[in-house]
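The values are calculated or read from the model by the stated rules, or taken from the named source; none is laboratory data. The structure presented is a predicted model; accordingly, all values stated were derived computationally and were not measured. Positions of Cβ are backbone-derived with ideal geometry, glycine not excepted, and every protein chain shown enters the neighbour counts. Note: areas computed on protein heavy atoms with side chains; ligands, DNA, RNA excluded. Shrake-Rupley method; radii C 1.70, N 1.55, O 1.52, S 1.80 Å.
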Amino acid sequence: MSEAEILFEVKDGLGLITLNRPKVLNSISHGMILEMERMIPGWERDPAVKAVVVRGAGDRAFCAGGDVAGLYREMRDNPAGTLRRDFFRDEYIINRRIYRYAKPWISLIDGIDMGGGVGLSVHGSHSVATEKFLFAMPETTIGLFPDVGGGYFLTRLPGALGTFLALTSHRLKAADALWAGIVQAYVPSARLDELQEALAASDLGGADANRTVDAVIARFAEDAGAPGLPAQMATIDRCFSAGGLPEIVANLESDGGEWAGKQLAALRKLSPLSMAITLEQLKRCANRSFEDTMTIEYRMSQACMKAGHDFFEGVRAVLIDKDQKPRFNPPTVAGVTDAMVAAHFEPVANDLTFD
Ligand code: QUE
């Protein structure tokens with residue numbers, strides 16, 4: 001029998017979740033999502049579980065994202081398949097459970113945390129990053145959009161930072177993620193086991209559980225070094241606060257600096273349609289509830305799963321053929337029409353709603 005893709009254990013008051021697909025950077029399969037749905041609600045009620053701790057197996061990743069290669073294969077081999085319908089729905093239901101979880105949800109992030117991995121960590125009460133931490137919402141690279149509640153947390157970051165991260169797929173290390181509030185502490189990788197033991201040994205019963213977790217983590221927290229973002233925020237705000245993608249590109253061009261030039265080069269490799277729908281997503285999700293955000297994102301996900309969408313071409317180029325040369329359609333920002341964008345926000349037959 002093959003090893004379980006996700007491990008669950010209750011030990012010393014902690015519910016431990018290990019994402020266990022290290023060969024694919026612990027990317028989340030539909031099976032893992034369904035297993036979480038089977039376990040997490042029970043743990044919320046179980047007095048033996050005082051807090052949940054999530055980690056990734058292996059030494060490279062917490063979680064690289066959703067298993068988009070699996071989605072690609074299904075769409076290629078079985079056009080009538082249901083994975084594309086159920087995967088996003090069940091994933092977003094878990095994201096919302098984590099956001100509303102009644103107990104501390106603590107992610108110990110010792111490596112790559114991108115896309116769907118961020119959806120398992122950022123909505124919890126505590127995220128801890130190590131020297132190996134690497135964050136991104138990289139979906140515009142593969143013709144998707146920053147989902148799993150990206151519309152919620154990205155719109156709550158300082159200034160235009162969320163828009164910048166969402167459009168460019170830009171990566172952050174621990175010091176910048178800490179500055180942005182994406183994680184709450186920096187702890188060296190070598191001390192994570194000890195931190196977990198200290199959490200298990202602490203009194204997490206009662207209403208102050210989150211404060212207790214804060215205090216335990218603080219005992220292990222170290223200086224992550226100086227963040228680079230503060231020096232870039234003026235430019236980020238000036239260039240990425242514009243209402244439209246052509247304006248953002250024009251702002252970067254007229255900036256003329258080295259940093260702006262790098263961002264322009266990055267944007268040119270990404271899906272123009274993805275960037276346009278992402279900008280609209282952030283506009284529509286700003287100041288909305290978590291649940292409203294997930295309803296919007298579910299509609300978007302289903303539009304991205306239609307045949308011929310940039311999603312297939314992006315996954316093909318990045319994860320299947322690995323030529324890194326996607327031929328997106330339309331190929332330029334100027335080619336994206338309002339109607340193309342609007343089609344991603346129409347209600348779907350099985351809209352995702354919460355009661
Ligand atoms: C954008 C993404 C993902 C990505 C690359 C992107 C993503 C994802 C993976 C990934 C990486 C390694 C694996 C794997 C998947 O890459 O969501 O199975 O082994 O899961 O540019 O959104």
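Laid out as a table, the results:
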quantity: Check on ALA69, in contact (Cβ under 8 Å) with a residue 12 or more places away in the chain, open to solvent by less than 40 Å² (accessible area, probe 1.4 Å) and closer than 15 Å to VAL118 by Cα; calculated: no
quantity: Residues of the stretch 18-46 satisfying the condition of being open to solvent by less than 50 Å² (accessible area, probe 1.4 Å), within 13 Å of the ligand (Cβ to nearest atom) and not β-branched (Val, Ile, Thr); calculated: LEU19, ARG21, LEU25, ASN26, SER27, SER29, HIS30, MET32
quantity: Candidates ALA185, ALA218, ALA224, ALA200, filtered to the one that is surrounded by fewer than 12 Cβ atoms within 10 Å (Cβ to Cβ) and aliphatic (A, V, I, L, M); calculated: ALA218
quantity: Residue in the stretch 82-105 that is touching a Ser or Thr at 6+ places or on another chain (Cβ under 6 Å) and away from the ligand (no atom under 16 Å from the Cβ) present; calculated: yes
quantity: Residue among LEU267, LEU273, LEU282 that alone is out of contact with any Ser or Thr (no Cβ under 9 Å at 6 or more places or on another chain), open to solvent by less than 40 Å² (accessible area, probe 1.4 Å) and closer than 29 Å to ASN251 by Cα; calculated: LEU273
quantity: Which listed residue is within 12 Å of the ligand (Cβ to nearest atom), more than 25 Å from ALA317 (Cβ to Cβ) and not charged (D, E, K, R), from GLY58, GLY66, GLY15; calculated: GLY58
quantity: Residue in the stretch 200-210 that is charged (D, E, K, R), at pLDDT 95 or above and either over 30 Å from THR155 (Cβ atoms) or part of a helix (DSSP H, G or I) (or both) present; calculated: no
